[in-house]
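Since the structure comes first, as structure tokens, the remarks are kept for the end.
Nothing in this text is a laboratory measurement; each read-out follows from the coordinates by a stated rule. Quick caveat: nothing in here was measured; it's all calculated off a predicted structure. Neighbour counts are summed over all protein chains in view; Cβ atoms, including those assigned to glycine, are modelled from backbone coordinates with ideal geometry.
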Amino acid sequence: MTPSRLKTQDARTFERKWWHAATVYQIYPRSFCDSDGDGIGDIPGIISKLDYLQSLGISIIWLSPIFTSPMDDNGYDISDYRGIAPEFGSLADFDRLVSEARKRGIGILLDLVVNHTSDEHPWFEQARRSRDNPYRDYYIWRDPSSTGGVPNSLTSSFGGPAWTLDPATGQYYLHLFSRRQPDLNWENPKVRAEIYEMMNWWLDRGIAGFRMDVIDLIGKQVDAEITTDGPHLHSYLQEMNRETFGSRDVLTVGEAWSATPAAALLYSAHDRRELSMVFQFEHVTQDWDETYGKWKAKPFDLVGLKAVFGKWQLALANDGWNSLFWGNHDLPRAVSRYGDAARYHVESAKMLATVVHLMKGTPFVYQGEEIGMTNVSFSSVEQYKDIETLNMHRLHVEAGMSSEDFIRGANESSRDNARTPMQWSAATNAGFTTGSPWIELNPNHATVNVATQVADERSIWNHYCKLIGLRKQHEVIVYGHYQSWLDQHPDVFIYTRTLQQDRLVVVANFRPEEVTLTIPEELRQRGTCLISNYNRVGAIEENITLRPYEAFALLTHQTSR
Ligand code: TEU
């Protein structure tokens with residue numbers, strides 16, 4: 001069954017890649033497993049959980065940054081690209097992680113944060129010494145405006161201007177994130193050469209590829225106030241591909257908040273020689289407010305959400321590749337956001353997993369999602385640790401909002417929702433640490449934890465195992481053509497995947513109540529029920545009643561249809 005190219009019902013043939021049938025698991029090292037009792041997760045802790053990850057069935061770990069860092073942004077501010085942060089372990093620990101993971105058929109994806117460094121990186125420490133320092137041009141400096149203020153109106157993602165004055169040299173430097181994350185100057189060929197050399201150094205250690213932080217920003221044109229999709233972006237990525245991973249069989253995932261389907265094809269089309277895929281957020285931002293973004297979400301709109309998923313599935317049907325996910329370390333917990341964690345925790349978590357895992361693309365599971373971990377319910381700002389949340393709290397309170405109102409919103413949208421410690425068991429601190437955790441645990445670890453779910457055949461965890469396994473068994477899940485049905489239905493998501501004689505029908509109810517609907521004639525069929533979060537068996541009839549958050553997938557072989 002494995003010719004290297006596969007004719008699908010989509011117009012073009014796909015060259016098979018090892019990561020097409022793989023599932024990625026994202027680890028946020030600080031919050032995953034602490035082996036030495038300092039309250040912070042570490043690499044030996046991750047190694048101790050590799051058997052667990054192997055039993056889940058994943059093939060790749062995306063490790064959020066583990067490099068030396070003052071941790072202003074939990075490691076997304078790197079001060080030594082070749083060093084491991086001491087709280088996470090040593091380079092020897094990292095090498096052991098790569099080899100132990102490989103023994104279990106798991107590759108390690110490193111988080112490449114090269115839009116910016118830490119202000120403690122030696123390059124920046126040099127650069128700020130004088131205007132004629134050889135490292136000055138590694139960063140982006142501008143004179144004050146004619147009125148003595150910031151050079152222009154670019155703002156930081158974490159609030160406030162993107163410029164900070166360096167008093168010693170009298171110029172401003174650019175930082176699209178915190179002032180402790182100065183942006184590198186990608187227009188400087190020396191910067192690019194240093195980065196490529198560093199990437200090759202890690203590739204030579206046997207990693208499986210890179211997730212590339214905010215890669216859509218590296219082509220920026222500061223004076224024109226263009227940050228995303230700058231004119232040199234794709235030529236830099238083609239150069240990077242040539243100079244580093246292009247000759248190696250690795251996976252590269254670019255984080256691109258700005259990506260449209262057309263842009264995604266520029267990054268990931270087969271002949272472009274750039275990246276394997278982008279991680280784009282249109283489904284995530286679909287219900288964000290135009291002005292206040294995630295801090296003010298609009299009511300959930302399934303019709304809009306289905307349209308976004310469908311648009312991406314079709315746009316990359318013949319070339320390029322999709323990443324599939326609900327959450328990551330920057331986003332709230334999926335079951336809290338899209339499901340009903342209070343009344344239908346298990347049902348809604350399984351439904352959400354079913355919907356994204358059976359689409360075309362590579363699924364990403366964010367740590368704890370496989371047991372349905374939920375958002376926090378913090379009541380004071382001191383419980384929050386995330387720089388973005390703390391900055392936004394200060395700015396909103398300065399603008400007149402009460403701290404309580406802000407926290408109510410943050411409990412739904414803060415990045416810390418995803419960063420509470422992994423819930424391994426019902427033991428003290430959920431088995432995450434024997435010390436005092438760097439951020440409070442979610443008290444529901446008494447009931448929501450790995451130990452309980454691994455032992456329970458009907459758990460969310462076992463549902464994820466099944467979905468990850470199905471992708472390895474059924475080519476229709478990997479390569480089948482996507483088509484959506486009943487696009488205007490406000491409660492139910494139905495799509496089919498078709499490959500040669502096989503057709504998979506996926507049906508999901510997004511509501512906490514029963515929904516009855518009439519199934520289009522073409523979809524009425526008998527088949528094998530591959531997965532279900534209730535006890536659905538193998539038939540879809542004219543009238544069907546879906547239970548709250550019910551989801552199932554039926555596979556039919558054409559001759560039996
Ligand atoms: O995120 C990019 C980014 O744009 C986010 O900060 C986003 O604005 C925010 O999370 C929305 O709430 C990447 C990393 O994933 C993030 O953790 C880092 O803080 C950021 O880059 C800077 O490196």
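Odds and ends about this structure:
- With the simple model of a label 7 Å out from the Cα in the direction of the Cβ, Tyr292 to Gln500 spans 5.4 nm.
- Residues Thr545, Thr164, ranked from the fewest to the most other C-beta atoms within 10 Å, line up as Thr545, Thr164.
- Segment 392-487 - Rg over Rh from alpha carbon coordinates, Kirkwood radius: 1.16
- Among beta bridges that DSSP assigns inside the chain, antiparallel share in %, nearest 5: 65
- Derived scalar couplings ³J(HN,Hα) [segment 418-429; Karplus, 6.51 cos²θ - 1.76 cosθ + 1.60; whole Hz; x for Gly, Pro]: 8, 10, 5, x, 4, 9, 7, 7, 8, 5, 3, 6
- Relative packing of peptides 31-44, 81-94 - highest average C-beta neighbours within 10 Å first: 31-44, 81-94
- Under-5 Å amide H pairs with Ala208, H placed in peptide plane, nonlocal only: Ile108, Leu109, Leu110
- Taking other residues whose beta carbon is less than 14 angstrom from the beta carbon of Asn449, and scoring Lys, Arg as +1 and Asp, Glu as -1, yields -2.
- Computed from the alpha carbon atoms alone, the convex hull of segment 464-504 holds 70 Å³ per residue.
- Distance (nanometres) between label positions extended 7 Å along Cα→Cβ at Ser153 and Ala168: 3.3
- Cα centroid separation, segment 349-408 to segment 191-222 (Å): 28
- Between helix 345-357 and the chain: long-axis angle, C-alpha atoms, 0 to 90°, nearest 10: 80
- Database remark: amide H of Thr164 closer than 5 angstrom to the amide H of Tyr173, His175 (H placed geometrically; neighbours at sequence offset of 5 or more, or on other chains; Pro and chain starts carry no H).
- Label sites at Leu395 and His557, each approximated as a point 7 angstrom past Cα along Cα to Cβ, lie 5.8 nm apart.
- Greater than 25 Å apart at Cα, pairs in Lys17/Lys311; Lys306/Lys360; Lys17/Lys466; Lys103/Lys472; Lys311/Lys385; Lys296/Lys385: Lys311/Lys385
- Based on C-alpha pairs under 8 angstrom that are at least 6 apart in sequence, the chain has a relative contact order of 13 percent.
- Additional length obtainable on full extension of the chain from Ser235 to Thr434, 0.36 nm per residue less Cα span: 66.8 nm
- A cut-off of 5 Å between modelled amide H atoms, ignoring neighbours fewer than 5 places along the same chain, links Ile84 with Thr68, Leu91.
- Using only Cα coordinates, the Kirkwood hydrodynamic radius of segment 417-561 works out to 17.5 Å.
- For segment 480-557, fraction of C-alpha pairs farther apart than 21 Å, in %: 18
- Environment charge at Val150 (Cβ cut-off 15 Å; Lys +1, Arg +1, Asp -1, Glu -1): -3
- Estimated translational D of segment 513-561 in µm²/s (Stokes, Kirkwood radius over Cα pairs; 10 °C; 1.306 mPa s): 141
- Peptides 97-108, 246-257, 211-222 ordered by packing proxy, namely the average of other Cβ atoms within 10 Å per residue, highest first: 211-222, 246-257, 97-108.
- Subtracting the Cα-Cα distance of Ser99 and Ala193 from 0.36 nm times their residue separation leaves 31.0 nm of extension gain.
- Charge sum, other residues only, whose C-beta stays under 13 Å from His357's C-beta, Lys/Arg counted +1 and Asp/Glu -1: +4
- C-alpha center-to-center spacing [segment 423-455, segment 230-287] in angstrom: 37
- When both segment 22-61 and segment 97-155 are represented by their alpha-carbon centers, they are found 27 Å apart.
- Projected over every direction and averaged, the convex hull enclosing the alpha-carbon atoms of segment 122-174 yields 3.9 nm².
- Solution diffusion estimate, µm²/s, Stokes-Einstein, segment 431-485, Kirkwood Rh from C-alpha pairs, 37 °C, viscosity 0.692 mPa s: 227
- The tail of the calculated P(r) for segment 116-221 beyond 23 Å holds 30 percent of all Cα-Cα pairs.
- Förster-model FRET efficiency, 41 Å R0, Asp405 and Asp491, C-beta, rounded to 0.05: 0.85
- Against the main long axis of the alpha-carbon atoms of the chain, helix 233-243 sits at an angle near 90°.
- Stokes-Einstein, applied to the Kirkwood radius of the chain over Cα pairs at a viscosity of 0.890 mPa s and 25 °C, places its translational diffusion at 100 µm² s⁻¹.
- Rounded to 10°, Cα long-axis angle of helix 387-398 versus longest principal axis of the chain: 80
- Note, ³J(HN,Hα) from phi for segment 268-275, Karplus 6.51, -1.76, 1.60, rounded to Hz, x at Gly and Pro: 10, 5, 3, 7, 7, 6, 10, 10
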